[in-house]
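Student: Below is the structure I would like to discuss, written out as structure tokens.
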Amino acid sequence: QVQLVESGGGLVQAGGSLRLSCAPSGRTLKDYSLAWFRPAPGKEREFVATIDWSSISTYSGDSVKGRFTISRDNVKNICSLQISSLEPADTGVYYCAATRKWLSRQVSDYEHWGQGTQVTVSA
């Protein structure tokens, strides 16, 4: 059983930064891509960023490019999302997810999900 546990959310002023972490428990997710999603108007969840097992390949959504950076440390078994230049529109629960499909941006491809961590950005 794979469990993903997110942490690092909080309340921050616009322009600030946070570092979110995702720690898979129960097993090492070898060959899995990890990703972050968040709620969005009219969507179940909006794709934020994804990274493959090797950390060689990453992909970020258009709304966060240049502001959010995804990384992973397979020795420590942690995936991180550095979020900067935060805007009130970035407010929401950020979810970590895992898939065997390489760098997928589709919610339906993700097999394992965490409970989420709340990010609130004040104006």
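The values are calculated or read from the model by the stated rules, or taken from the named source; none is laboratory data. Just so it is clear, the model here is predicted, and its values are computed rather than measured. Because the Cβ atoms are built from the backbone with ideal geometry, glycine has one as well, and the counts that use them run over all protein chains shown. Heads up: the accessible areas ignore ligands, DNA and RNA and are worked out on the full protein's heavy atoms, side chains in. Shrake-Rupley method; radii C 1.70, N 1.55, O 1.52, S 1.80 Å.
Student: Mind listing P(r) for the chain? All alpha-carbon pairs, 5 Å bins, whole percents.
Tutor: Bins of 5 Å from zero give 2, 13, 24, 26, 20, 10, 4, 1 percent of pairs.
Student: Just tell me which lysines come within less than 29 Å, Cα to Cα, of K30; anything on the same chain fewer than 8 places away is out.
Tutor: K65, K76, K101
Student: With labels modelled as points extended 7 Å from the Cα through the Cβ direction, what inter-label distance (nm, one decimal) is found for Q3 paired with K43?
Tutor: 2.9 nm
Student: Give the Cα extents of region 19-83 along the principal axes, in whole Å, largest first.
Tutor: The Cα atoms of region 19-83 stretch 35, 23, 20 Å along the principal axes, largest first.
Student: Once Lys and Arg get +1 and Asp and Glu get -1 on their Cβ, which of T50, C22, I78 lies farthest toward the positive end of the dipole of the chain?
Tutor: Selected residue: I78.
Student: Rounded to the nearest Å, what's the spacing between the alpha carbon centres of region 20-54 and region 76-123? Just the number, please.
Tutor: Their Cα centres are 6 Å away from one another.
Student: Can you check what the net charge comes to around R100, using other residues whose Cβ is under 9 Å from the Cβ of R100 (Lys, Arg +1; Asp, Glu -1)? Please list the in-between numbers first.
Tutor: Numbers: positive: K101; negative: D31, D109, E111.
Local net charge: -2.
Student: Hey, another quick one. Per residue, what accessible area does the chain have, given a 1.4 Å probe and all protein chains present, in Å²? Spell out each step's value before the answer.
Tutor: Numbers: 6310 Å² over 123 residues.
It amounts to 51 Å² per residue over the chain.
Student: Tell me, what is the percent relative contact order of the chain, built from C-alpha pairs under 8 Å that lie six or more residues apart? Show your work: numbers first, answer last.
Tutor: Values: 308 pairs, mean separation 43.4, N = 123.
Across the chain, relative contact order equals 35 percent.
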